[in-house]
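Participant: This is the structure I want to talk about, given as structure tokens.
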Amino acid sequence: MISIELARALRTAGLRWHPRSGDGFVIENAESNGDVFTVSEMTVEVHDFPTGQLIGFNGTTEWALDSVDVTDTLWLPREDQLRELLRDGFRSLEVDRSGGDPLFVVTAVIRGTERSYEAITAADAYGEAVLDLIVQSLVTEVD
């Protein structure tokens with residue numbers, strides 16, 4: 001799973017979430033204890049209203065929360081979702097075991113340059129690549 005810090009950086013950089021079944025998220029408030037929830041039509045469902053989206057908690061009698069505004073949540077994208085965001089720029093995912101603990105290395109072409117991103121989880125390596133893709137897409141080339 002992607003780290004919360006990296007998920008926040010992706011959101012700050014401009015990555016937007018359009019909730020769908022199977023997506024993981026945390027609630028961003030002082031009362032939250034970092035529990036990860038998954039959108040599911042059975043228990044956690046997205047409701048679209050003219051005023052915005054709400055995530056409803058169905059049948060969660062042990063928890064005193066009926067719904068939460070999607071703006072109060074933080075999406076934790078999965079590896080496959082991050083890889084999809086890289087599109088044709090994705091080249092490979094490898095595991096580097098040369099330094100003791102394994103590192104996951106994602107190689108991607110960003111703005112015509114092949115780059116590598118290392119992290120202790122594959123999801124974070126993909127996330128670092130997507131973050132760089134977003135940042136590089138915002139950079140204006142200077143002639």
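Participant: Scanning the chain for helices, which whole DSSP H stretches are 20 Å or more long along the axis (Cα) and average -1.0 or more by Kyte-Doolittle?
Facilitator: Values: long enough: 122-138 (25 Å, 0.88).
What comes out of the filter, once short or polar helices are dropped, is 122-138.
Participant: If I stretch the segment between VAL105 and THR12 completely, what's the gain in nm (0.36 nm per residue apart, minus their alpha carbon distance), one decimal?
Facilitator: Numbers: separation 93, 0.36 × 93 = 33.48 nm, distance 2.34 nm.
Full extension from VAL105 to THR12 adds 31.1 nm.
Participant: What length, rounded to one decimal in nm, is gained on full extension from ASP72 through to VAL36, with 0.36 nm per residue of separation minus their alpha-carbon distance? Let's see the in-between values first.
Facilitator: Values: separation 36, 0.36 × 36 = 12.96 nm, distance 1.35 nm.
Between ASP72 and VAL36, full extension yields an extra 11.6 nm.
Participant: Contact order normalised by length for the chain, with contacts defined as Cα pairs under 8 Å and 6 or more residues apart; what percent is it?
Facilitator: Values: 232 pairs, mean separation 32.8, N = 143.
Computed value for the chain: 23 percent relative contact order.
Participant: Separate question: For the peptides 70-81, 118-129, what is the packing order when you average, over each peptide's residues, the other Cβ atoms within 10 Å and list the highest mean first?
Facilitator: Details: 70-81: 17.8, 118-129: 21.6.
Going from most to least packed, we get 118-129, 70-81.
Participant: Would you kindly compute the Cα radius of gyration of the chain and its largest Cα-Cα separation (Dmax), both in Å?
Facilitator: 17.3, 60
Since every read-out is calculated from the coordinates, none of them should be taken as a lab result. In this text the structure is predicted, and so the values were computed from the model without any measurement. Backbone-built Cβ (ideal geometry, glycine too); neighbour counts: all protein chains shown.
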